[in-house]
1. Setting aside same-chain residues fewer than 8 positions from residue 175, which lysines have a Cα under 25 Å from its Cα?
2. Can you work out the Karplus-derived ³J(HN,Hα) for every residue in region 171-178? Use 6.51 cos²θ - 1.76 cosθ + 1.60 with θ = phi - 60°, whole Hz, and x for glycine or proline.
3. Going highest first, how would you order 94-101, 127-134, 151-158 by mean Cβ packing within 10 Å?
4. What ranking, highest mean first, results for peptides 172-183, 114-125 when packing means the other Cβ atoms within 10 Å averaged over each residue?
5. Please list, in order along region 154-165, the HN-Hα scalar couplings obtained from phi with the Karplus expression 6.51 cos²θ - 1.76 cosθ + 1.60 (θ = phi - 60°), rounded to whole Hz, x for Gly and Pro.
6. How large is the dipole of region 112-189 about the Cα centre if only Lys and Arg carry +1 and Asp and Glu carry -1, each at its Cβ, rounded to the nearest 20 debye?
7. Where the only charges are on Cβ atoms (+1 Lys, Arg; -1 Asp, Glu), what is the dipole of region 62-167 about its Cα centre, to the nearest 20 debye?
8. How long is the gain from residue 176 to residue 133 if the chain were fully straight, where each residue apart is worth 0.36 nm and the alpha carbon distance is subtracted?
Amino acid sequence: MLAELSADKRPPLRTESEPRVEVVSKPVRTDSAENPEEPAETAPVEVLAQPQPAKLHCFRISGIEKQGQLKTLAGQLTTMQADVIDSGEEQLSQIRYWVILPPYKSRKAADAAISLLKQRKVKDFFLVRSGEYQHAISLGVFSSMDSAKRRLRDVAALRLKTNKPRLEELELPAKRNWLRFSSTGEDRVSVWQGRLEEFGIDNIEPVTCP
């Protein structure tokens, strides 16, 4: 169509622009690449395993009667490579076993029973002077049922002409101390458990670590 136009009416011809150059990135070979047709290999990366932290075990010891015992126990745990977390005091109740001669009708009758006990060389008793058990004779309060039964049998065997002895349970308030501690490693846990049992401590329970 340009050939049909006269020379003075033809538009000027544009010159071809410079060819575009496309840059293509190629993977870098890690070897000498003797054979260029082989695919490039990636160098292996070594991943170091992270050490796992030792598992933490936490425990609670309760029923410790005295502050001195609590401090001694804390020191023993420290020597056994355990860490004391905290300690405190709690209000508990305790069961005791009371052996008594039931209340007499009068103070005179109670005094007569006391004279019989003295004649038979019975020791460690006292007269209850007021309250629900007024004019009763206490023959001892025991922490063990076996000890209370033994006392009951001994007095009953005397066959005193008086009220028959009996055993009653008492629930008394008591303050006790507790202690929490932590330790790592199963082997270490077995070590201090054995040591604490040697000290007569058996009321240990696992708890959630803080």
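1. Answer for residue 175, where 25 Å is the Cα cut-off: 66, 71, listed by chain and number.
2. 9, 10, x, 8, 9, 9, 9, 9
3. Final packing ranking: 94-101, 151-158, 127-134.
4. Going by the mean number of other Cβ atoms within 10 Å, highest first, we get 172-183, 114-125.
5. 4, 6, 5, 5, 6, 6, 6, 7, 7, 4, 6, x
6. 580
7. 1320
8. 12.7 nm
Throughout, read-outs are computed from the coordinates displayed, never taken from laboratory work. These figures come from a predicted structure and were not determined experimentally. Virtual Cβ from ideal backbone geometry, glycine too; neighbours counted across all protein chains shown.
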